[in-house]
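A.B. asks: Here it is, the structure, as structure tokens.
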Ligand code: DC
């Protein structure tokens, strides 16, 4: 493999399709930074929930805009999980942001323009030198439109709900398949129909359906794509 070049890898897709697992594994294999951009939206949602900035599921956009300067998000490496944990104003909130109540509130928060502008700017800064794998909904379309490799990952809603339920059960968080599936479908709808940076598969993104692929299979396929990009880069100065 041609390894001198550090490329940018953008992974987009629906909730719980396995994109974070794939992004994390790819980053580990390549020695790149991994950023779960969804965690940042979840961090903002948690802050808004704690400060009563969401009323009956509706975000109070003006107040949220004013509060944005008080929200500091950072990722700090956790050696035991080999992952970066999200910190909200210096508090480790990695566990809290995965809770169902945050999952229920995050999609409306992610529709807000000023929230997206703040987080996109921070994400672009994290990736300014390449050597990054970032997953989310708008990574290939907005955050890194010039990424050398873009992957669009999906799986059937039922398979995604089963995977999510398994994760929650393993963590001891009570949930039912029906509720998880409903939440997932609702988030899919909001994420793909919102006005601000909806989830789309860009023309230059490669499609991966993970329904019948193991995590190892997904990694193998993605590494093949990475190698192809790196091979193509070899003789190009603009790559
Ligand atoms: O990937 P996730 O489920 O942790 O994402 C949480 C929410 O944030 C989800 O509703 C989609 C939204 N999101 C987004 O709009 N843009 C991103 N780049 C990442 C996540």
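The values are calculated or read from the model by the stated rules, or taken from the named source; none is laboratory data. In this text, all values refer to a predicted model and were calculated from it rather than measured experimentally. FYI the Cβ positions are ideal-geometry reconstructions off the backbone, even for glycines, and counts take in every protein chain you see.
A.B. asks: In this structure, does residue 24 turn out to be under 28 Å from residue 213 (Cα atoms), part of a helix (DSSP H, G or I), out of contact with any helix residue (DSSP H, G or I) (no Cβ under 7 Å at 6 or more places or on another chain) and within 14 Å of the ligand (Cβ to nearest atom)?
C.D. replies: Against the criterion (under 28 Å from residue 213 (Cα atoms), part of a helix (DSSP H, G or I), out of contact with any helix residue (DSSP H, G or I) (no Cβ under 7 Å at 6 or more places or on another chain) and within 14 Å of the ligand (Cβ to nearest atom)), residue 24 qualifies.
A.B. asks: Condition check: out of contact with any strand residue (DSSP E or B) (no Cβ under 8 Å at 6 or more places or on another chain), surrounded by fewer than 17 Cβ atoms within 10 Å (Cβ to Cβ) and within 23 Å of residue 37 (Cβ to Cβ). Does residue 195 satisfy that?
C.D. replies: Against the criterion (out of contact with any strand residue (DSSP E or B) (no Cβ under 8 Å at 6 or more places or on another chain), surrounded by fewer than 17 Cβ atoms within 10 Å (Cβ to Cβ) and within 23 Å of residue 37 (Cβ to Cβ)), residue 195 qualifies.
A.B. asks: I'd like to know if the stretch 194-216 contains one or more residues that are within 21 Å of residue 103 (Cβ to Cβ), within 14 Å of the ligand (Cβ to nearest atom) and out of contact with any helix residue (DSSP H, G or I) (no Cβ under 6 Å at 6 or more places or on another chain).
C.D. replies: Checking the stretch 194-216: at least one residue is within 21 Å of residue 103 (Cβ to Cβ), within 14 Å of the ligand (Cβ to nearest atom) and out of contact with any helix residue (DSSP H, G or I) (no Cβ under 6 Å at 6 or more places or on another chain).
A.B. asks: Shifting gears a bit: With the checklist (1) within 16 Å of the ligand (Cβ to nearest atom); (2) modelled with pLDDT under 95; (3) surrounded by fewer than 21 Cβ atoms within 10 Å (Cβ to Cβ) in hand, flag the one item residue 2 doesn't pass.
C.D. replies: The number of the failed condition is (1).
A.B. asks: Moving on to the next point. Considering each of 41, 77 in turn, give the residue that is surrounded by fewer than 20 Cβ atoms within 10 Å (Cβ to Cβ) and either touching a strand residue (DSSP E or B) at 6+ places or on another chain (Cβ under 6 Å) or within 26 Å of residue 171 (Cβ to Cβ) (or both).
C.D. replies: 77
Rundown of residues vs (1) surrounded by 15 or more Cβ atoms within 10 Å (Cβ to Cβ); (2) within 15 Å of the ligand (Cβ to nearest atom); (3) over 25 Å from residue 71 (Cβ atoms), yes/no style:
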residue: 121; (1), (2), (3): no, yes, no
residue: 140; (1), (2), (3): yes, yes, yes
residue: 145; (1), (2), (3): no, yes, yes
residue: 149; (1), (2), (3): yes, no, yes
residue: 153; (1), (2), (3): yes, yes, yes
residue: 178; (1), (2), (3): no, no, yes
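A.B. asks: Name the residues in the stretch 123-138 that are surrounded by 19 or more Cβ atoms within 10 Å (Cβ to Cβ) and either away from the ligand (no atom under 12 Å from the Cβ) or farther than 27 Å from residue 219 by Cβ (or both), would you?
C.D. replies: Selection gives 127, 132, 133.
A.B. asks: From (1) under 15 Å from residue 75 (Cα atoms); (2) in a helix (DSSP H, G or I); (3) more than 12 Å from the ligand (Cβ to nearest atom), pick out the condition that doesn't hold for residue 101.
C.D. replies: (1)
A.B. asks: Search the stretch 61-78 for residues that are free of Cβ contacts under 8 Å to residues at least 40 places away in the same chain and pair each with any residue that is surrounded by fewer than 16 Cβ atoms within 10 Å (Cβ to Cβ) when their beta-carbon atoms are under 6 Å apart and the residues are at least 6 apart or on different chains.
C.D. replies: 72/89
A.B. asks: Which residues, counting only those in the stretch 155-173, are within 14 Å of the ligand (Cβ to nearest atom) and assigned to a helix (DSSP H, G or I)?
C.D. replies: Within the stretch 155-173, 157, 160, 161, 163, 164, 167, 168 qualify.
A.B. asks: Given the structure, is residue 116 under 14 Å from the mean Cα position of the chain (by Cα), within 11 Å of the ligand (Cβ to nearest atom), at negative phi and crowded, with 19+ Cβ neighbours inside 10 Å?
C.D. replies: Criteria met by residue 116.
A.B. asks: Moving to a separate point now. Among what's in the stretch 5-17 and is assigned to a loop (DSSP other than H, G, I, E, B) and within 11 Å of the ligand (Cβ to nearest atom), pick the residue that is surrounded by the fewest Cβ atoms within 10 Å (Cβ to Cβ).
C.D. replies: Checking each candidate, the answer is 14.
A.B. asks: Sticking with this structure for a sec: Within the stretch 184-192, does at least one residue satisfy the condition of being surrounded by fewer than 20 Cβ atoms within 10 Å (Cβ to Cβ) and within 23 Å of residue 62 (Cβ to Cβ)?
C.D. replies: yes
A.B. asks: Please verify whether residue 187 is within 15 Å of the ligand (Cβ to nearest atom), modelled with pLDDT under 95, farther than 20 Å from residue 30 by Cβ and within 17 Å of the chain's Cα centre (by Cα), treating the condition exactly as stated.
C.D. replies: Yes: the conditions hold for residue 187.
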